[in-house]
Structures are given as structure tokens and as C-alpha cells.
Amino acid sequence: MQLFFIIAIGFPSFISSLHAQIAIGKPTFPFTQICANPSFNTFDVNFSFTPTSGLTAANQFIVELSDASGSFATPTIVYTSAAGAITTSPAKITFSVPLTTSGEGYKIRVRSTAPAAVSQQSNAFPAYYKPQDSQFTINNSVATAVYCTGGSYVLSIDNPGTGTNDSPLKYLGLTFNWFRDNGPTALPTKVATAVGGNYSVSSPGVYYAETNYGTCTSNSYSNRVTVTSSNSGATAVITSSLGNPFCSSQGATVLSTTQGSTYQWYKDNVAISGATNQTFSAVAAGKYSVKVGFGTCDAAASIDLQEISFSASTSVSSTVATPIVPGEKLDVITTTDAINPSYKWFLNDIQIPNATAASYTVSTKGKYKVVITQPGSCTLTKTLLFEISYTTDPNPFPDVAAIPNMISPNGDFINDTWIIPQEYVNGKDVEVVIISAFGDVVLQTKNYQNDWPSVTSPIDFKSVNPIYYYIITTSDNKVKKGSITVIK
């Protein structure tokens, strides 16, 4: 009886282990490549698993798609079955590919959730989603183009084009193959693959473009353009009125090119809208080019326009606040290759008096900046930002009973600023005025923050213990007056 009891207890555990795992076979599919588009994006994958009795009622089958190189490091889920929906083997699942699919080496795998299992990887296959799959135009549908011998001609995909032209430039992420047509008896020559919609032709021929959908057949191709060269000898050059590099603080530099009959300016190979004159005013560095039409041919010129500049940095982070302990002092040091630079330091957008060195010692939290200026014929300015925070932030509005008549701003965080009762501070519509012994108003505010004196409103220690006078006026015109002795 005792032996029978042990077997009875162990038998359910044995049955449970049978349900703890399944094996999923290698996925197969009826296609050799996926060429999806907005009107067709459904594909089947077949797989087998065993034993079918190993599934639980909560199980889901998930179809995962690799990246374009076949890696499953970050797979994309393209289908998830409902819990318990698939119980027989072999099984078929219909899925759709993401709109960003583009490559030659995708793979598929299938996994289950209850129990957890993963299939082998499928054979590799090309897959593309074609958001644009119709003919488009280049060169404004003009079938011919001429460039000057020794020069070049820029062919461009039209956007939005003419008539019903469906320009592929309207769809993000597409790349394009440019071809030279070698006639009806020879295969075309691929001359370039480009992300942008331009190709610079420097040899005669018949050219066209196709949207790059790999091995998938496509109707996304352009008209043919016959490009020829002319022996007119025309050439084009570009000059910069402020030189190259130019000084941006002096304003825009005027780019001028050779006189022709038509012009089109480009920046970083992108046509500049409306830039169709002999000159163009450039305000930023970049690669500028121009296509000049001479009637019988075109010529192109380019210039890599640079700005005069200098580099600068500080010894603290520009992106994350630097913490200090209340009472701590931190030297912030600038490094720059500017010639004869000058410096201005600011705290919370207020210039700090007498802070004009390459370094500054901070002891107060807040948002700082240093403005570095390089003087000379080309005055340049660079602003560096940083922030200082406290590791522990003292209460700026403690509950004090009386208005103090003495402070000692020595940086020990004890009686450093003039702390007055809460009824007069922090937006209570109470005007606080502080006047020096010489009658100068050093502070006037209706939102006193218990922060006088500060680095932006320092004490002038011309005498040992200077005396200041305060006038506090409440919203109901009650006035309190007195003096404040500052101990160094």
C-alpha cells in the first residue's frame, strides 16, 4: 500500500511534465519573396508542432520577422494568435509585413507561449513594402538635357511633378537606383544608388531612375532623359563676397556665379526654392552648387562654404545640473581656442558684476551662462550654458518672528541673506525696498525671495560694516522701516 501511494502521487507530476514542452518545426511558405504594397499585404506561413497534447488552453502562437540581415536580436511581431485558437498541426498563419520592410535577407520564426518554445529559423527571403508603385517623372518631364563639355548636368526626380505624377519623394525612407540605358540589345548599367532624388550626369547617355525595391519587380520608374554634351566651352564658378570661410557676424555672404541665361541654386544637393538668380545670399555654412544654363548647354559649379568660428567648453556638464553641497565653492573653468577672448558670466540671465575672467567660482544654485566673445574684424560670440543644483536644498522661506537688522554674507549659509517674516515674502504683494547709505536703491521688488545680497546684487565693502536701510510697504499701506548692518 505504501508503494502504491508513492506512485499515485508521482503520476500527476509525470503527466504535467508531458505538457511542459513542445517542439516547433522549421517554418515554410509558398512564396520565394515578399513584394507587398498598399493593396496587397497578406502572406501565409506553415509550421508543425508536436505533441499537440502539449498545448495549454492559454497558448498563443506568435510569428516573428527578423531584420533585413536575418538577425532576431530585435524581432518584429507580425502575428499573434488568440489564446487556444490553434490546436492542430500542421498549422497555417496569414500575416502582413511592416511598412518599413526593405531588404534581401529576412527570416521568419514561430514561437509559442504556453508552453514556451521557439522554432528553427526559416530560409532567408527578400521582402519589400512598396508604398509607391507607379511611374514618375524626372527633369520636369523634359526628354533632353545638355551640359557643357567638362561639366555636368543634375537630373532630379520631380516633386510633386507635373499632372498626375506620383512622385516617390513624397514617401519617406525610399532610395533610388539611377541607370544608363544601353539600348534594346544590352542590359542597362546601374550608375548610382542614392537616398536623395538627384544624380549628377557627367557623360552623355540616356538616363532614368527606379525606386529601389531590390529583387521585387516594380512599376516605380521614371521617363528616359537623353543627356548630351556641348563643345561651347562654357564653364561656371562661384565666388563668395565675404570670402571662404566667411564671417557670419557680418551678415550674409553673396554667392555669385558666371553669367548665363538661367540659374538654379542648391544647398547640400537639394534645390533651393526660388533661388533662380545669378546671386544667392547664404547665411549658413554648407555645400552650395548652381546649375547655369547657357542656351546650348548647362554648366555646374560648387563651393564648400565654411564659417569662421572658434570652439569653447566648460569644466562642468552642459546637459545635466552639477550638484554642490550648500556652502561649497566650485571653480568653473572655460577652455577655448578664441583669439584674445573676453568673458561675461550670468546667473539666471542677470550679469554677475566684475565676473570677466576665464573661470568663475560658483557657490549658489541657479542657471548660469558664460558669453565668450572673440574681438577683431570678425567679432564672434559663443554662449555656454550650465546649471548648478544643491544636494540638499535649504528652506528659502523659514518662519522667522522679526525683521533682522544684521546679516553676515560670508558663505557659511548662516545669516548669509536677509531673511524676513513670511508675511512679507514670496509674492505676498508687499513692496520691499533696500537703500544704501549713499541713497542708492539696490533692491526694489514686490516678490522678495529672501535672496539679498546675491552674486548679482553684491555688497560694497568700502567701509568695514556698511549700513543699508529698508522700507517694507504692505498691500494695505502699512510701512515698516529700519536699518541693516552688514558684517563681513
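Order by neighbour count: K369, K170, fewest other Cβ atoms within 10 Å first, most last. Could the numbers behind the result be given before it?
Working: K369 18, K170 13.
Lowest to highest Cβ neighbour count: K170, K369.
Please work out the Cα convex hull volume for the chain and give it in Å³ per residue. Present the calculation step by step, with values, prior to reporting the outcome.
Details: hull volume 163.8 nm³, N = 488.
Convex hull volume per residue, Cα atoms: 336 Å³.
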Cα→Cβ-extended label distance, 7 Å offset, between Q422 and N182, nm: 8.7 nm
Under the Karplus curve 6.51 cos²θ - 1.76 cosθ + 1.60, θ = phi - 60°, whole-Hz ³J(HN,Hα) for region 420-436, x wherever Gly or Pro sits: 10, x, 4, 5, 10, 10, 6, x, 8, 6, 10, 8, 10, 10, 10, 10, 6
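To the nearest 0.05, how large is the calculated FRET efficiency for L385 and V442 if R₀ is 41 Å and r is the Cβ-Cβ distance?
Details: r = 28 Å, r/R0 = 0.67.
That gives a FRET efficiency of 0.90.
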Considering the options T258, T52, T474, tell which one lies farthest towards the positive end of the dipole of the chain, charges being +1 on Lys and Arg and -1 on Asp and Glu at the Cβ, about the Cα centre. T52
Pull out the extension gain between S311 and T87, defined as 0.36 nm times the separation in residues minus the alpha carbon to alpha carbon distance; nm, one decimal. 74.0 nm
Antiparallel bridge percentage (DSSP; both residues within the chain; nearest 5): 85 percent
In whole percent, the Cα-Cα distances of region 237-320 spread across 10 Å bins from 0 upward as 17, 43, 21, 11, 6, 2, 0
Using 19 Å as the cut-off for backbone N distance, which residues of region 406-432 belong to the label zone defined by a point 7 Å from the Cα of D399 along Cα→Cβ? 419-428
Inter-part gap, Cα centre of region 154-215 to Cα centre of region 437-454, in whole angstrom, is 70 Å
For V325 and E431, FRET efficiency with R0 = 35 Å and r from the beta-carbon atoms, rounded to 0.05? 0.50
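Please arrange T87, T456 by how many other C-beta atoms lie within 10 Å of their C-beta, fewest to most.
On the way: T87 11, T456 18.
Going from least to most buried by this count: T87, T456.
Only four residue types carry charge here, +1 at the Cβ of Lys and Arg and -1 at the Cβ of Asp and Glu. Report the dipole size of region 376-452 about the Cα centre in Debye, rounded to the nearest 20.
Details: 3 positive and 10 negative charges, 56 e Å.
The dipole magnitude comes to about 260 debye.
Add -39500 (n - 2.57) for each DSSP H run of 4 or more in the chain, then divide by its residues: what number comes out at 222 nm, to the nearest 500 deg cm²/dmol? Before the final figure, lay out the partial values.
Working: 1 runs with 17 residues, N = 488.
Rounded to the nearest 500, the figure is -1000 deg cm²/dmol.
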The chain: angle of helix 2-18 to the longest principal axis, Cα-based, in degrees nearest 10: 90 degrees
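Read-outs: derived from the displayed coordinates by stated rules, not from any lab. Keep in mind that what you see is a predicted model, and the values were worked out from it rather than measured. Ideal geometry is used to build each Cβ from the backbone, glycine not excepted, and the neighbour counts take in all protein chains shown.
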